[in-house]
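Enquirer: Below you will find the structure I want to go over with you.
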Amino acid sequence: LAKRRAYYSVYTSRGCPFGCAFCQNLFGRKYRFRSPENVLDEVEILVRQYGIEEIHFPDDCFNLLQERALSIFDGIRRRGLKIAVAFPSGLRGDLLDRTFLETAQKAGVYKIPFGIETGSLRLQKRIGKSLDLEKIRQNIALASNLGIITQGFFILGFPTETEQEMLETGRFAQKTKLHFATFNWANAFPGTALFDWALSMGKPVDAVAPDEFDFDDPPVPLADIAPDRMQAIARQINSGFYLDPSRLW
C-alpha cells in the first residue's frame, strides 16, 4: 500500500540482533546504522530534486535505537519535508512507546506493521521472538488511536504447533485494534534455525527447491496437522478477524 504515487524506499540500517528461528537474516545479526543527518540528506534530495512524496523505511529493525529513530522523525519536520512515511516491514512492537508513536505521527507516518508471529507464549519462546504480547496490544491501540494504520504479521503452522495455538493466534489478533492482519504459513528456509528444527523432526525440507517455497501453500507442512484442516483453520481465523463487527465499523 502507498498513500501517494511518487514513493521511494530508503534503508537506514542493516542487520537485526534478534534471533527469530524463521528468519534468514540476510543482513546479519550485527546492527549497522546510518546517522540521522545522513538519512535526512538522502530523503531531502529525493523530495527536493526528484519529487518524491512518500518514503518507505524497510529496515529489519528501524526502531532498535529509539533516540536515532526520533532524530530522523524530528529532522523530517525540521527540514520542512511534507511527506508521507510508511514501514513495509514489521517494527519491533514491544520497543515502541507513546513518545515514539506521537513523534512518528507528527512526521507523517501513516502506517506501522507489527511483526507478532504468534499469540502463543510457548511458541513465542520456542521461535526466539519472545515478545511482550501485552505491550504489543497496548502499542497497537496507541497507534490506532493516533490515526496510524496498523497491520499485524502472523505465522501459522510451526513445528509442534497445535490447533488450539493457531486459534490462540487468531484470537489475539481479533482482540487488538489492528486494521489489517496477514496470516502466512511457516516455511523452513535453508540456513534458518527453523530449517534445522524441521529436519530434526523428520520433515523433508532439505528436498524443497528454492522456487517451491510458498507462504499460502507451503511445500512441506511443518505442523502435525492435516493440510486441509490447516486451511480450514486459516479460513476461520481470517473470517473471525475481518468479519468482526467492531472492526468492520
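Enquirer: Between beta-carbons, use under 10 Å as the cut-off and find the net charge around SER71, counting Lys and Arg +1, Asp and Glu -1. Let's see the in-between values first.
Expert: Numbers: positive: ARG68, ARG78; negative: GLU37, GLU67, ASP74.
Residues close to SER71 contribute a combined charge of -1.
Enquirer: Please give me the summed charge of the neighbours of PHE87: other residues whose Cβ is under 9 Å from its Cβ, Lys and Arg +1, Asp and Glu -1.
Expert: Values: positive: LYS111; negative: ASP59.
Within the 9 Å Cβ shell, the charges total 0.
Enquirer: If you don't mind, there's one more thing I want to ask. Give, as a single signed number, the net charge of other residues whose beta carbon lies under 15 Å from the beta carbon of PRO17, with Lys and Arg counted +1 and Asp and Glu -1.
Expert: +4
Enquirer: What does the C-alpha gyration tensor say about the overall shape of the chain? Classify as rounded when a/c is under 1.5, otherwise prolate if a/b is larger than b/c, or oblate.
Expert: On the way: a/c = 2.08, a/b = 1.56, b/c = 1.33.
Verdict is prolate for the chain.
Enquirer: For the chain, take the longest principal axis of its alpha carbons; what is the angle in degrees between that and the long axis of helix 133-145, to the nearest 10 within 0 to 90?
Expert: With both axes taken from Cα atoms, the answer is about 40 degrees.
Enquirer: In whole Hz, what ³J(HN,Hα) sequence does the stretch 151-160 give by Karplus (6.51, -1.76, 1.60; θ = phi - 60°), x for Gly and Pro?
Expert: Each residue's phi maps through the Karplus curve to give 9, x, 9, 10, 10, 10, x, 5, x, 6 Hz.
Enquirer: Below 8 Å between Cα atoms, with a sequence gap of 6+, how large is the relative contact order for the stretch 157-249 in percent? Provide the component values of the computation, followed by the final result.
Expert: Numbers: 86 pairs, mean separation 39.5, N = 93.
Relative contact order here is 42 percent.
Enquirer: Return a whole-number percent for the relative contact order of the stretch 17-167, with Cα pairs under 8 Å and 6 or more residues apart as the contact set.
Expert: Working: 200 pairs, mean separation 34.3, N = 151.
Contact order relative to length: 23 percent.
Enquirer: Dipole magnitude of the chain about its Cα centre, charges +1 at Lys/Arg Cβ and -1 at Asp/Glu Cβ only, in debye to the nearest 20?
Expert: Here the chain has a charge dipole of around 1000 debye.
Enquirer: Is the shape of the stretch 1-138 best called rounded, prolate or oblate, per the rule: a/c under 1.5 gives rounded, else a/b larger than b/c gives prolate, else oblate, with a ≥ b ≥ c the square roots of the Cα gyration tensor eigenvalues? Before the final figure, lay out each step's value.
Expert: Details: a/c = 2.06, a/b = 1.76, b/c = 1.17.
It comes out prolate by the Cα gyration axes.
Enquirer: Next up: Going by amide H atoms built from the backbone, whose H comes under 5 Å of the H on LEU222, apart from near neighbours?
Expert: none
Enquirer: Past 22 Å, Cα to Cα, is the threshold; run LYS111/LYS177; LYS111/LYS175; LYS3/LYS175 against it and keep the listed order. List each step's numbers first, then the result.
Expert: Numbers: LYS111/LYS177 13 Å; LYS111/LYS175 19 Å; LYS3/LYS175 27 Å.
Beyond 22 Å: LYS3/LYS175.
Enquirer: Please identify the longest segment of the chain free of exposed trypsin sites (Lys or Arg not before Pro), where exposed means a DSSP state other than H, G, I, E or B and no more than 16 other Cβ atoms within 10 Å.
Expert: Numbers: sites that count: LYS3, ARG4, ARG5, ARG29, LYS30, ARG79, LYS82, LYS175, LYS177.
With trypsin sites (Lys or Arg not before Pro) excluded where exposed in loops, the chain gives 83-174 as its longest stretch.
Enquirer: Viscosity 0.692 mPa s, temperature 37 °C: Stokes-Einstein D of the stretch 133-234 from its Kirkwood Cα radius, in µm² per second? Could you put the intermediate results ahead of the total?
Expert: Details: Rh = 15.0 Å.
D, rounded to a whole number, is 220 µm²/s.
Enquirer: Also, quick follow-up: Return the aspartates and glutamates within reach of LYS82: Cα separation strictly under 20 angstrom, same-chain partners fewer than 8 residues apart disregarded; answer none if there are no such residues.
Expert: By straight Cα distance, LYS82 reaches GLU37, ASP41, GLU42, GLU44, GLU53, GLU54, ASP74, GLU102.
Enquirer: For the stretch 78-159, just the Cα atoms, rotate onto the principal axes and tell me the three extents in Å, largest first.
Expert: That works out to 49, 20, 18 Å along the principal axes.
Enquirer: If I build a Gaussian network model for the chain, linking alpha-carbon pairs within less than 10 angstrom, which residue out of GLY115, GLY93, GLY191 has the largest mean-square fluctuation?
Expert: GLY191
Enquirer: Roughly how big is the stretch 1-142's charge dipole about its Cα centre, with Cβ charges of +1 (Lys, Arg) and -1 (Asp, Glu), in debye to the nearest 20? Working shown, then result.
Expert: Details: 24 positive and 16 negative charges, 45 e Å.
Here the size comes out at about 220 debye.
Enquirer: Would you pull out the residues with amide H under 5 Å of ASP59's amide H, same chain only if 5 or more places away, H placed 1.01 Å from N?
Expert: Under 5 Å from the amide H of ASP59 lie the amide H atoms of THR12, each far enough along the sequence or on another chain.
Enquirer: Could you derive backbone 3J(HN,Hα) for the stretch 87-93 from the dihedral phi with the Karplus parameters 6.51, -1.76 and 1.60 (θ = phi - 60°), listing whole Hz in sequence and x where the residue is Gly or Pro?
Expert: Going residue by residue, I get 10, x, 9, x, 7, 6, x Hz, with x marking Gly and Pro.
Enquirer: Near the amide H of ALA84, under 5 Å away, which other amide H atoms are found, from residues 5 or more places off or on another chain, if H is placed in the peptide plane?
Expert: GLU54, ILE55
Enquirer: Quick one: Karplus J couplings for the stretch 120-130, per residue in order, coefficients 6.51, -1.76, 1.60, θ = phi - 60°, nearest Hz, x for Gly and Pro?
Expert: Per-residue couplings from phi come out as 8, 5, 4, 6, 3, 6, 5, 8, x, 7, 6 Hz.
Every number in this text was worked out from the coordinates using simple rules, so none of it is lab data. Keep in mind it's a predicted model, so treat the numbers as computed, not measured. Glycine also receives a Cβ, built like all others from the backbone with ideal geometry; neighbour counts cover every protein chain displayed.
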